[in-house]
Amino acid sequence: MDQHIAEAIGRPDLIRLDDRLVCLRFETMKVVSALAAVRHLLDTGVVRRGDTLLDSSSGIYAYALALACHRHGMRCHIVGSTTVDHTLRTQLSILGATSEQMEPCSDLKLDQKRRVERIHEILAEHPEYHWMRQYHDDIHYLGYRAIADRIREATGADGLTVVGGVGSGASTGALARYLRAAPDGQADVELVGVQPYGSVTFGAEHVADPEIIIAGIGSSIPFENVSHELYDTLHWISFDAALAGSIDLLRRHALFAGLSTGAGYLAARHERDRAPERTVLFLAPDTGHRYIDTVYARHHEATPLPDLAPREVTDQSELTLPWSRMAWNRAAAPGPSDRRPPRLAGLSSHSKSFL
């Protein structure tokens, strides 16, 4: 029996959509990483019960960290993006978390930059606070070990392709690491990352999406805990194409999920059709409730999926909307050396190797 609601929320469902397409469906995915990270910090003495944990979030991680703090008797402070809505702010307040929100801003890069600046201001005022660094610390990989074990039991994890938003690297990256670390060392696991246009993580910052950069699967600032060498293939998917995926997923499979799930579903279908011998598993990080107005109310605009196909590219200079695909082949991070993430086994002052 679970001891706290966070444990139940963090447990995903494995749903087989057809013979070779499986969905790993979460209610709120980042609860998994937040719970394990806070537990590890407590166990290693980095923080103590009653301490304040601090981070920036565009939404999902704020809720996850607030739940983890509630579970473990910690205080929580969130610097929220302009995208944090009234529903979430109300939940944070009742859970005992304090929060502040950036002023409205149409430029996500500026929004993220201001949030990071604010974090540093708070730390200067309160050096006793612990910054969780969800975008930079690989401690957030820890929670996915048990999920990888469950996937291995259900699918065999051989001839498996995992598809999902790259984000901070903690979900897809961790799953690939743990799944590839099979007891016999022979697991055939490919990793396909999904990115929005405008994200710097894999070098697409020069291509703008006229709608939005899909929060949660990409970034306009470097994320240090993305291990680029884990990824075999990349898909860049626009808002409009992701919307079409979300609508089709609900209509065809009755699965109500967020916008990044629609992008992952689109990429997963394509990868399934390319490799008939492989099982394809894609991540659904959250439900569709906060996308009612921005995505689901626009269902009549959705492009039929047969009309969508990725443009195959060999270089980021060839990227074009609405959908591009490129073989990454487990290469290093693009761009200057200061954008390259650290190796997994020496990640931060308090976290060593978790794998």
*Find the helices (runs of 4 or more DSSP H) located wholly in the range 27-120 whose residues include 3 or more that are among the charged types (D, E, K, R), and list them.*
30-43
_Can you find, within the range 169-190, the residue that is surrounded by the most Cβ atoms within 10 Å (Cβ to Cβ) among those that are in a loop (DSSP other than H, G, I, E, B) and of a type outside the set (A, V, I, L, M)?_
Ser171
*asked:* Looking at Leu123, Leu54, Leu67, can you tell me which residue is crowded, with 17+ Cβ neighbours inside 10 Å and more than 28 Å from Arg25 (Cβ to Cβ)?
replied: Leu54
_Any hit, the range 41-49, residues being closer than 30 Å to Leu249 by Cα and not assigned by TED's automatic domain parsing to the domain that holds Ser220_ = no
*Of all residues in the range 132-166 being touching a strand residue (DSSP E or B) at 6+ places or on another chain (Cβ under 6 Å) and of a type in the set (Val, Ile, Thr), which is farthest from Lys30 (Cα to Cα)?*
Thr155
_Any residue that is surrounded by fewer than 23 Cβ atoms within 10 Å (Cβ to Cβ), without any contact (Cβ under 8 Å) to a residue 40 or more places away in the chain and among the hydrophobic types (A, V, I, L, M, F, W, C) - is there at least one of those in the range 13-32?_
no
*Where residues in the range 70-88 are closer than 18 Å to Arg118 by Cβ and small (Gly, Ala, Ser), which of them is surrounded by the most Cβ atoms within 10 Å (Cβ to Cβ)?*
Gly80
*So, in the range 250-265, of the ones that are out of contact with any helix residue (DSSP H, G or I) (no Cβ under 6 Å at 6 or more places or on another chain) and hydrophobic (A, V, I, L, M, F, W, C), which residue ends up surrounded by the most Cβ atoms within 10 Å (Cβ to Cβ)?*
Ala257
*Look through the range 132-166, keep the residues that are part of a strand (DSSP E or B) and among the aliphatic types (A, V, I, L, M), and return whichever of them is nearest to the chain's Cα centre (by Cα).*
Val163
_Filter the range 82-102 down to the residues that are more than 16 Å from His70 (Cβ to Cβ), free of Cβ contacts under 8 Å to residues at least 60 places away in the same chain and among the polar types (S, T, N, Q) and list them by number._
Thr82, Gln101
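The values are calculated or read from the model by the stated rules, or taken from the named source; none is laboratory data. Predicted model only: the values in this text are computed from it and were never measured. For neighbour counting, all protein chains shown are included, and Cβ atoms are generated from backbone atoms with ideal geometry for every residue, glycine included.
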